[in-house]
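One structure below.
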Amino acid sequence: MTLVPPNAPLVLIVDDNDRNRKLARDVLRAGGLRTIEAADGREALTLAAESLPDVILLDLRLPDMEGREVAHALREDVRTRRIPVVALSALRHSGDHDALSAEGFAGRLEKPIDVRAFPGQVRSYCT
(Lines give C-alpha, C1' and ligand atoms only; values in the text may rest on other atoms or scores of the structure.)
Protein backbone atom coordinates (compact mmCIF):
# COMPACT_ATOMS: atom_id res chain seq x y z
CA MET A 1 0.00 0.00 0.00
CA THR A 2 1.31 3.42 -0.98
CA LEU A 3 1.49 6.05 1.74
CA VAL A 4 0.05 9.29 0.35
CA PRO A 5 1.39 12.51 1.90
CA PRO A 6 -1.26 14.51 3.79
CA ASN A 7 -0.48 17.60 1.67
CA ALA A 8 -0.89 15.76 -1.67
CA PRO A 9 -3.59 17.08 -4.00
CA LEU A 10 -7.11 15.92 -3.17
CA VAL A 11 -9.20 14.45 -6.01
CA LEU A 12 -12.98 13.99 -5.85
CA ILE A 13 -13.96 11.02 -8.05
CA VAL A 14 -17.63 11.08 -9.07
CA ASP A 15 -18.87 7.92 -10.77
CA ASP A 16 -21.88 5.71 -10.14
CA ASN A 17 -19.98 2.58 -11.16
CA ASP A 18 -18.23 1.05 -8.13
CA ARG A 19 -15.55 -0.66 -10.22
CA ASN A 20 -14.68 2.56 -12.07
CA ARG A 21 -14.42 4.50 -8.78
CA LYS A 22 -12.25 1.82 -7.19
CA LEU A 23 -9.90 1.65 -10.20
CA ALA A 24 -9.53 5.44 -10.34
CA ARG A 25 -9.01 5.61 -6.57
CA ASP A 26 -6.38 2.87 -6.51
CA VAL A 27 -4.46 4.27 -9.50
CA LEU A 28 -4.50 7.83 -8.15
CA ARG A 29 -3.44 6.79 -4.65
CA ALA A 30 -0.60 4.71 -6.12
CA GLY A 31 0.34 7.89 -8.00
CA GLY A 32 0.59 9.88 -4.75
CA LEU A 33 -2.79 11.65 -4.78
CA ARG A 34 -5.45 11.69 -2.07
CA THR A 35 -8.99 10.77 -3.07
CA ILE A 36 -12.57 11.01 -1.92
CA GLU A 37 -15.51 9.50 -3.77
CA ALA A 38 -19.14 10.14 -4.63
CA ALA A 39 -21.60 7.82 -6.37
CA ASP A 40 -24.07 10.48 -7.51
CA GLY A 41 -24.44 14.19 -8.18
CA ARG A 42 -25.93 15.26 -4.87
CA GLU A 43 -23.23 13.48 -2.90
CA ALA A 44 -20.63 15.09 -5.17
CA LEU A 45 -21.97 18.59 -4.50
CA THR A 46 -21.94 18.00 -0.74
CA LEU A 47 -18.42 16.52 -0.70
CA ALA A 48 -17.05 19.26 -2.97
CA ALA A 49 -18.38 22.02 -0.71
CA GLU A 50 -17.16 20.29 2.48
CA SER A 51 -13.74 19.08 1.28
CA LEU A 52 -12.79 21.65 -1.39
CA PRO A 53 -10.78 19.18 -3.50
CA ASP A 54 -8.04 20.33 -5.86
CA VAL A 55 -9.82 18.74 -8.84
CA ILE A 56 -13.11 16.95 -9.51
CA LEU A 57 -13.34 14.02 -11.92
CA LEU A 58 -16.97 13.92 -12.99
CA ASP A 59 -18.74 11.16 -14.88
CA LEU A 60 -21.22 12.69 -17.33
CA ARG A 61 -23.90 10.05 -16.68
CA LEU A 62 -25.07 9.80 -13.09
CA PRO A 63 -28.27 8.26 -11.70
CA ASP A 64 -29.71 11.42 -10.11
CA MET A 65 -28.32 14.27 -12.23
CA GLU A 66 -26.46 14.67 -15.49
CA GLY A 67 -22.77 15.49 -15.03
CA ARG A 68 -23.35 18.79 -16.83
CA GLU A 69 -25.94 19.73 -14.18
CA VAL A 70 -23.47 18.94 -11.42
CA ALA A 71 -20.78 21.04 -13.13
CA HIS A 72 -23.22 23.93 -13.45
CA ALA A 73 -24.14 23.71 -9.74
CA LEU A 74 -20.43 23.66 -8.82
CA ARG A 75 -19.88 26.84 -10.89
CA GLU A 76 -22.84 28.55 -9.17
CA ASP A 77 -21.52 27.88 -5.65
CA VAL A 78 -18.98 30.46 -4.49
CA ARG A 79 -17.18 27.76 -2.48
CA THR A 80 -16.58 25.45 -5.43
CA ARG A 81 -16.57 27.63 -8.53
CA ARG A 82 -12.77 27.74 -8.84
CA ILE A 83 -12.24 23.96 -8.57
CA PRO A 84 -11.30 22.46 -11.95
CA VAL A 85 -13.94 19.97 -13.10
CA VAL A 86 -12.77 17.31 -15.55
CA ALA A 87 -15.29 15.21 -17.45
CA LEU A 88 -14.57 11.52 -17.09
CA SER A 89 -16.53 9.72 -19.77
CA ALA A 90 -16.62 6.80 -22.15
CA LEU A 91 -18.65 8.93 -24.56
CA ARG A 92 -16.66 9.86 -27.65
CA HIS A 93 -18.11 12.74 -29.67
CA SER A 94 -16.11 14.84 -32.09
CA GLY A 95 -17.40 18.24 -30.90
CA ASP A 96 -17.53 17.19 -27.26
CA HIS A 97 -14.37 19.01 -26.13
CA ASP A 98 -15.61 22.42 -27.27
CA ALA A 99 -19.07 21.86 -25.78
CA LEU A 100 -17.60 20.76 -22.45
CA SER A 101 -15.25 23.74 -22.38
CA ALA A 102 -18.17 26.08 -23.01
CA GLU A 103 -19.97 24.45 -20.07
CA GLY A 104 -17.08 25.20 -17.73
CA PHE A 105 -15.22 21.89 -17.76
CA ALA A 106 -11.44 22.24 -17.48
CA GLY A 107 -10.94 19.19 -19.69
CA ARG A 108 -11.96 15.64 -20.47
CA LEU A 109 -10.43 12.25 -19.77
CA GLU A 110 -11.69 9.10 -21.48
CA LYS A 111 -12.75 5.85 -19.91
CA PRO A 112 -11.36 3.32 -19.79
CA ILE A 113 -8.50 5.16 -18.15
CA ASP A 114 -4.87 4.59 -19.09
CA VAL A 115 -3.56 3.50 -15.69
CA ARG A 116 0.00 4.57 -16.47
CA ALA A 117 -0.88 8.07 -17.66
CA PHE A 118 -3.88 8.74 -15.41
CA PRO A 119 -2.14 10.14 -12.28
CA GLY A 120 -0.12 12.60 -14.37
CA GLN A 121 -3.16 13.61 -16.39
CA VAL A 122 -5.15 14.30 -13.22
CA ARG A 123 -2.24 16.07 -11.53
CA SER A 124 -2.01 18.47 -14.50
CA TYR A 125 -5.44 19.87 -13.57
CA CYS A 126 -4.62 20.46 -9.90
CA THR A 127 -4.38 24.13 -9.02
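Here SER101 meets each of (1) modelled with pLDDT under 95; (2) not in a helix (DSSP H, G or I) with one exception, condition (2).
Count of region 7-36 residues, restricted to those that are part of a loop (DSSP other than H, G, I, E, B) and either of a type in the set (Lys, Arg) or free of Cβ contacts under 8 Å to residues at least 12 places away in the same chain (or both), is 1.
Number of residues in region 37-56 that are in a strand (DSSP E or B) and either touching a residue at least 40 places away in the same chain (Cβ under 8 Å) or open to solvent by 40 Å² or more (accessible area, probe 1.4 Å) (or both): the value is 3. Just to be sure, is ARG82 at pLDDT 95 or above and open to solvent by 90 Å² or more (accessible area, probe 1.4 Å)? Judged against the criteria, ARG82 is a match. Using beta carbons and a limit of 7 Å, which pairs, at least six apart or on different chains, have the first residue in region 59-86 and over 23 Å from PRO112 (Cα atoms) and the second one surrounded by 13 or more Cβ atoms within 10 Å (Cβ to Cβ) and of a type in the set (Lys, Arg)? Qualifying pairs under 7 Å: ARG81/ARG75. Just one of the numbered conditions (1) at pLDDT below 90; (2) farther than 22 Å from GLY41 by Cβ is not true of SER89: (2).
Screening GLY67 on (1) farther than 25 Å from LEU3 by Cα; (2) open to solvent by 60 Å² or more (accessible area, probe 1.4 Å) shows it passes everything except condition (2).
The values are calculated or read from the model by the stated rules, or taken from the named source; none is laboratory data. All figures in this text were calculated on a predicted structure; none of them were measured in a lab. Heads up, the Cβs are rebuilt from the backbone with ideal geometry, glycines too, and the neighbour counts pull from every protein chain shown. Each accessible area value is taken on the protein alone, full model and side chains, heavy atoms only, with ligands, DNA and RNA left out. Shrake-Rupley method; radii C 1.70, N 1.55, O 1.52, S 1.80 Å.
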